[in-house]
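A.B. asks: Let me begin by handing over the structure; questions about it come next.
The values are calculated or read from the model by the stated rules, or taken from the named source; none is laboratory data. None of these values were measured; they are calculated from a predicted model. Neighbour counts run over all protein chains shown; Cβ positions are idealised from the backbone, glycine included.
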Amino acid sequence: MEPNPKLSAKEIMQSLRIIHFALIVSSSIFLIFSLVVVSVYGPLGKLDKANNQILLTIGIILGASLVAIAYYLHSKKLKNYTQESFFLRIKNYKNSMLLKIALMEAASLFLLVIYLLTSIGSMLAGSAIIIILLLLNRPGIDFVSVELNLNENEISDLKD
């Protein structure tokens, strides 16, 4: 299906906010599910301490790396948008934010899978921190206007 070329900047931002909200809700539900499952059944993986330690190390490295990569790629892409038209900047911003929140959600889900296997509480805490970071990166008009250095006319186009 072809994307609708007649979407306004406001509609693009609304769709981004809906996707952002859906990803936060799904990650939060999986976090609660993981907590309940581990509380009731214990860790799902029957691993020894050495394997638990390996998964802990991989989880920390991969989780932190994915979040860092998400922020780096987003900020790098934002620098490339300064010379583009308003509408093109909004479209590219949406793509950049989708990549950022997808990478952050992937990190969160990966940590939750490790938590399900090992019941290491720091994996659950790491996932919760990433979900909080996702909440803090809500693509609202104020947030977008700062990131894209929008002028008053462009901000009003997002509101109308």
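A.B. asks: Can you tell which of Ser156, Ser108, Ser127 is surrounded by fewer than 17 Cβ atoms within 10 Å (Cβ to Cβ) and either on the phi > 0 side of the Ramachandran plot or in a helix (DSSP H, G or I) (or both)?
C.D. replies: Result of the check over Ser156, Ser108, Ser127: Ser156.
A.B. asks: Could you count how many residues in segment 74-124 are touching a Phe, Trp or Tyr at 6+ places or on another chain (Cβ under 6 Å) and hydrophobic (A, V, I, L, M, F, W, C)?
C.D. replies: Here the count works out to 3.
A.B. asks: Check off (1) part of a helix (DSSP H, G or I); (2) of a type outside the set (Ser, Thr, Tyr); (3) at pLDDT below 95; (4) farther than 14 Å from Leu55 by Cα for Leu133 and give me the number that stays unchecked.
C.D. replies: (3)
A.B. asks: If you go through segment 43-92, how many residues are surrounded by fewer than 15 Cβ atoms within 10 Å (Cβ to Cβ), within 26 Å of Leu134 (Cβ to Cβ) and among the basic types (Lys, Arg)?
C.D. replies: Final tally of qualifying residues: 2.
A.B. asks: For the structure I just gave you, tell me whether Phe21 is in a helix (DSSP H, G or I), within 20 Å of the chain's Cα centre (by Cα), surrounded by 15 or more Cβ atoms within 10 Å (Cβ to Cβ) and not charged (D, E, K, R).
C.D. replies: Considered against the rule, which asks whether it is in a helix (DSSP H, G or I), within 20 Å of the chain's Cα centre (by Cα), surrounded by 15 or more Cβ atoms within 10 Å (Cβ to Cβ) and not charged (D, E, K, R), Phe21 comes out as no.
A.B. asks: Is one or more of the residues making up segment 28-50 assigned to a helix (DSSP H, G or I) and within 14 Å of the chain's Cα centre (by Cα)?
C.D. replies: yes
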